[in-house]
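Only one structure is covered here, and it is reproduced in the block below.
The values are calculated or read from the model by the stated rules, or taken from the named source; none is laboratory data. Computed from a predicted model, the values in this text were never measured in an experiment. Here Cβ is always computed from backbone atoms with ideal geometry, including for glycine, and neighbour counts include all displayed protein chains. Protein only, heavy atoms only, side chains kept; ligands, DNA and RNA dropped before computing areas. Shrake-Rupley method; radii C 1.70, N 1.55, O 1.52, S 1.80 Å.
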Amino acid sequence: MQIEQEELNNLVKIREKYTKLIIDLGQIELEMLELQQSKTNISNIFSTIKQEETLEMNKIKEKYGNGEVNIETGEFSLFK
């Protein structure tokens, strides 16, 4: 016994919808992986910049003492 062509066509269309959905989901997963890699790269760059800041502040502390710098004016204030 064979189903009618229209029924078969409906099932084929449904299967195509599933296939498209799976492809879309795969694409989203790939994009998420790329975003995760970008986040990791940015996190590494952030850590490098933070280390640079720490080294620079250590140089300033050695020269001027323990305090803080107003980044807008360049004024250095000792901690009391």
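A few remarks follow.
- Residue within segment 8-21 that is part of a helix (DSSP H, G or I), in contact with a strand residue (DSSP E or B) (Cβ under 7 Å, 6 or more places away or on another chain) and β-branched (Val, Ile, Thr) present: no
- Test: residue in segment 4-20 that is polar (S, T, N, Q) and either open to solvent by 100 Å² or more (accessible area, probe 1.4 Å) or in contact with a Leu (Cβ under 9 Å, 6 or more places away or on another chain) (or both): yes
- Among the residues making up segment 58-76, those that are in contact (Cβ under 8 Å) with a residue 12 or more places away in the chain and in a helix (DSSP H, G or I) are Ile60, Tyr64.
- Search result, residues across segment 26-65 that are in contact with a Leu (Cβ under 8 Å, 6 or more places away or on another chain) and open to solvent by 90 Å² or more (accessible area, probe 1.4 Å): Tyr64
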